[in-house]
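The values are calculated or read from the model by the stated rules, or taken from the named source; none is laboratory data. Computed from a predicted structure; not experimentally measured. Positions of Cβ are generated from backbone atoms using ideal geometry, with glycine treated the same way; all protein chains shown enter the neighbour counts. These accessible areas exclude ligands, DNA and RNA; they are computed on the full protein's heavy atoms, side chains included. Shrake-Rupley method; radii C 1.70, N 1.55, O 1.52, S 1.80 Å.
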Amino acid sequence: EIYQCDWSSDVCSSDLQKGPCVVGFDKRTGKVVWKAGDQWGPSCASPVPGVVHGKRRVFVFAGGDSRPPTGGLLCIDPANGKIDFRFPFRSKSYTSVNASSPVVAGDQVFISSSYKTGGALLDVLPNGSSKVAWRTEGLRAHFTTPILKDGFLYGFDGMSKRELALTCVDLKTGDRRWRVQPDFPETVTVNGEEQTVHYTTDQGSLLYVDGRFLCLGQQGHLLWLDLSPEGYKELARTRLFCADETWGVPALSRGLLYVTQNKRDTLTKTPPRLLCYDLRAAHFPP
């Protein structure tokens, strides 16, 4: 099956809350197999499949624009669309949405949202219900889904540029190990004059590649990172372009990295475009 959050920008939020929130399709025919959810509106987060207690399930972090603001995690049986449990979890702010996808770790699921919401780890119980293992304010993912590696979550905490930082959270306890705001000054030419600009990753994205992390910063910087519970280590960095709102997660396929430049480059004036970089011959630091 193919699972999709049912979203349409030309439908008002009151209609969206009537459901369905999630629709299951037969990928061979396109036929609708089932519809699920009528309490919460769809969100910007992608459905995530997983196996808990030996059973296939789909986890959907619902909750888009709605008045009053509502949403949370749905655990759905992909065979018939039956909802095992609903866990309310969403910012109280109307302008917020649940955009970071759930992270499935064995029989547990981590969800996180920004706008003063935080994160929560849920134990999925054998009877199909759930209970909270812990909550944290240490990882408030806006729309970039955290990455789980060796029992630790790595992601971007916060929403505004003043507070955004990369962080590491222990999956077992919810304790934050570290929080870093990368800073890399660069000399650039603006209107014919050289000046030093301090860049950071802002609302970036992460890919886990060959035991390390590729980070695409919001301004168009690509970083090769070694992230561990002991700390943040930058191995290499380059500027692909200088354009704000570089929010789309890059795609890596057979050594080729596809990156979307979402805005006009402020230095070269090049328009938005799709770029492909060949990483197959790259010699990254050990």
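Annotations
- Output for the range 257-286, where each listed residue is loosely packed, with under 13 Cβ neighbours inside 10 Å, at pLDDT 95 or above and aliphatic (A, V, I, L, M): Leu274
- Selection within the range 137-159 - surrounded by fewer than 22 Cβ atoms within 10 Å (Cβ to Cβ), part of a loop (DSSP other than H, G, I, E, B) and of a type in the set (A, V, I, L, M, F, W, C): Phe143, Met159
- Residue tally, condition in contact (Cβ under 8 Å) with a residue 60 or more places away in the chain and loosely packed, with under 13 Cβ neighbours inside 10 Å, over the range 45-59: 1
- Counting the residues of the range 239-251 that are open to solvent by 70 Å² or more (accessible area, probe 1.4 Å) and without any contact (Cβ under 8 Å) to a residue 60 or more places away in the chain gives 1.
- When residues of the range 48-77 are limited to those that are modelled with pLDDT of 95 or more and assigned to a loop (DSSP other than H, G, I, E, B), the one nearest to Leu122 (Cα to Cα): His53
- Lys131 meets each of the listed conditions (1) under 18 Å from Cys44 (Cα atoms); (2) part of a strand (DSSP E or B) apart from (1).
- Of the residues making up the range 160-187, those that are open to solvent by 70 Å² or more (accessible area, probe 1.4 Å) and either touching a residue at least 40 places away in the same chain (Cβ under 8 Å) or assigned to a loop (DSSP other than H, G, I, E, B) (or both) are Lys161, Arg162, Lys172, Asp175, Arg176, Arg177, Arg179, Gln181, Asp183.
- For the range 94-108, the count of residues that are in contact with a Cys (Cβ under 7 Å, 6 or more places away or on another chain), open to solvent by less than 10 Å² (accessible area, probe 1.4 Å) and of a type in the set (A, V, I, L, M, F, W, C) is zero.
- If the condition is being modelled with pLDDT under 95 and of a type in the set (Gly, Ala, Ser), then the range 101-127 contributes Ser113, Ser114, Gly118.
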